[in-house]
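Worksheet for the structure shown next.
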Amino acid sequence: MIQPAARTAVAPADRAARSLELALAAARTAADNRGRDIAVLDLRGITPVFDYFVIATGASRRQLHAISEEIDRVLEQEMGDRRLGIEGYAGSQWILLDYGDVVIHLFDEKTRAFYDLENLWNPAPHVDVSSIVDRPQLA
């Protein structure tokens, strides 16, 4: 079970901006690694536990591992953030990366359809990520 991250004394506006920045970096990284159906849900008005969910689908276990590892690398090395926890890596149907205010869900297609997080968190507004995820892929 995910526990709320200990929050430091940071102005709420600064924390919210930082959370969005991390969520968008994770979405961009998933897209760069050929993740599909990428969504970012804004949970700030729904729960005090998380700010954003990033949800993406991968085509295979290998791809899900590659996406999760690259998100870890980008968020740690380029964004200066560290993952608090990881679940599901061995099974690779649903990999959850916990960054405190941002939680990243990487699914295979069947598991994503079964759990349907976007419907479960239906009241959450979707962040427009079209400029990030609709970029042409390199061959």
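A few comments on the model shown:
- Tally, over the stretch 63-83, of residues that are assigned to a loop (DSSP other than H, G, I, E, B) and on the phi < 0 side of the Ramachandran plot: 4
- Considering the stretch 84-139, the residues that are part of a helix (DSSP H, G or I) and more than 21 Å from residue 63 (Cβ to Cβ) include one that is modelled with the lowest pLDDT, namely 131.
- Pairs linking a residue in the stretch 47-74 that is at pLDDT 95 or above and crowded, with 21+ Cβ neighbours inside 10 Å to a residue that is part of a helix (DSSP H, G or I) and not hydrophobic (A, V, I, L, M, F, W, C), with Cβ atoms under 6 Å and 6 or more positions apart or on different chains, are 51/19; 52/19; 57/109; 57/112; 71/29.
- Scanning the stretch 84-102 finds no residues that are exposed (fewer than 13 other Cβ atoms within 10 Å of the Cβ) and at positive phi.
The values are calculated or read from the model by the stated rules, or taken from the named source; none is laboratory data. Quick caveat, the model's predicted, so the values are computed rather than measured. In this analysis, Cβ positions are derived from the backbone assuming ideal geometry, glycine residues included, and neighbour counts consider all displayed protein chains.
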